[in-house]
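> Okay, here's the structure, questions in a sec.
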Amino acid sequence: MVSKKKEQELQELVELIKKYPVVGILDLFKLPSRQLQFIRKDLRDKVLIKMSKKRLIQRALKQTRKEKLSELKAEEPALILTDIDPFKLHKILDKNKSPTYAKANDIAPKDIIIPEGPTKLPAGPAIGELQRVKIPAMVKEGKIHVRKDTVIVKKGEVISKEVANVLKKLDIQPMEISINLLGAWENGIVYKKDILAVSEEEYVQKIMTAYTHALNLSVNVCYPNKESIKILIQKGFHNAKNLGINAEIFEKGVIEDLLSRAEVQAKALKSKVGG
């Protein structure tokens, strides 16, 4: 039997889902609570993040006929509710990232560089740890110094446990963490993460390329429309003029070119006969 408290929570979820035009599913798995609180604070005027048990979320989505969202698999699901359209929502979440320390087996998002100069580490055993991960280090003025800028992990490489420990000691946070939006519902359509993550610049470029191809096609097949009519008229004018010149038709718009061509030919003939 479902407890009264759970029934009240379920009804609250149902009312919230009905209230907002855009409903998304988040996966909070491995998202530290500290980062979640920061993100919730930054976005409090734009979105509502509602956490609950997976089963209650699924039941609420089913009751509001948004059960397709429950097909998005999440280890620790939460609802995100907003008036912002799904694509803008994904963009906002993607930009709202927090730096965090690396863990063993994380993948480096970029080259991780240890800068030349002093560290906050005092002289001691830590210098051996730095040297074991191939960071050139020395003691200077009681502190551990890095001799030169050193790439400790290249982009795309796995971060080892030893490197992760050294980065934490150096207070370097190379990783970025953000809320994982699995998908969002709007007007009966579920937009999954792979659709929402399309690059805005790439999308605009594809539209521009499609426009260019369509315009070229309409011009080549002589299909007049708002975009191609000026080009077709210009093309028709040039074709007609070339025909008139080649066929030596003495008409307005052609006669000037014929006279100019005749003048050039006459001068060339004169130079050949030495006149």
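> Report, in debye and to the nearest 20, how large the dipole of the chain comes out about its Cα centre when Lys and Arg carry +1 and Asp and Glu carry -1 on their Cβ.
Details: 51 positive and 35 negative charges, 178 e Å.
The dipole magnitude comes to about 860 debye.
> Given q = 0.12, 0.29 Å⁻¹, what are the Debye log10 I(q)/I(0) values for the stretch 112-176, with equal point scatterers placed on the Cα positions and solvent ignored?
Cα-only, vacuum Debye calculation for the stretch 112-176: -0.26, -1.50.
> The list [x] 13.7; [y] 18.7; [z] 32.2 gives values of mean projected area of the Cα convex hull in nm², and only one came from this structure; which label was calculated from it?
Among [x] 13.7; [y] 18.7; [z] 32.2, the one calculated here is [z].
> Return the distance in nm (one decimal) between the two label points of a simple spin-label model at N242 and R40, each offset 7 Å from Cα along Cα→Cβ.
Taking the two extended label points, one gets 7.0 nm.
> Taking the chain as a Gaussian network, Cα atoms linked when under 10 Å apart, which of E15, E67, E116 shows the biggest mean-square fluctuation?
E116
> What does the extension gain come out to for A123 and S271, with contour length at 0.36 nm per residue minus their alpha carbon separation?
On the way: separation 148, 0.36 × 148 = 53.28 nm, distance 9.22 nm.
Gain on stretching A123 to S271: 44.1 nm.
> Tell me which aspartates and glutamates have Cα within less than 16 Å of K73's Cα, excluding those fewer than 8 residues away on the same chain?
Cross-link targets: D27, D194.
> Just list whichever of K97/K120; K19/K53; K66/K206; K54/K168; K6/K91; K235/K267 have alpha carbons separated by over 24 Å in the model shown.
Working: K97/K120 26 Å; K19/K53 20 Å; K66/K206 31 Å; K54/K168 34 Å; K6/K91 34 Å; K235/K267 31 Å.
Table pairs above 24 Å Cα-Cα are K97/K120; K66/K206; K54/K168; K6/K91; K235/K267.
> Just round it to a whole percent: the fraction of Cα-Cα distances in the stretch 203-273 exceeding 17 Å. The partial results should precede the final answer.
Details: 1537 of 2485 pairs.
That tail contains 62 percent of the Cα-Cα pairs.
> In Å and from the alpha-carbon atoms only, list the Rg and Dmax of the stretch 77-192.
19.7, 66
> Another question about this same structure. Find out how many positive minus negative residues lie around Y223, taking Lys and Arg as positive, Asp and Glu as negative, among other residues whose Cβ is under 14 Å from that of Y223.
Summing Lys/Arg as +1 and Asp/Glu as -1 gives +2.
> Tell me whether the stretch 1-51 comes out rounded, prolate or oblate; compute the Cα gyration tensor, take square roots of the eigenvalues as a ≥ b ≥ c, and use a/c under 1.5 as the rounded threshold. Kindly include the intermediate steps, with their values, before the conclusion.
Working: a/c = 2.44, a/b = 1.48, b/c = 1.64.
Judged from the Cα gyration tensor, the stretch 1-51 comes out oblate (a/c at least 1.5, b/c at or above a/b).
Throughout, read-outs are computed from the coordinates displayed, never taken from laboratory work. Small disclaimer: the values here were computed from a predicted structure and weren't measured. Here the Cβ is made from the backbone with ideal geometry for all residues, glycine too, and neighbour counts use every protein chain on show.
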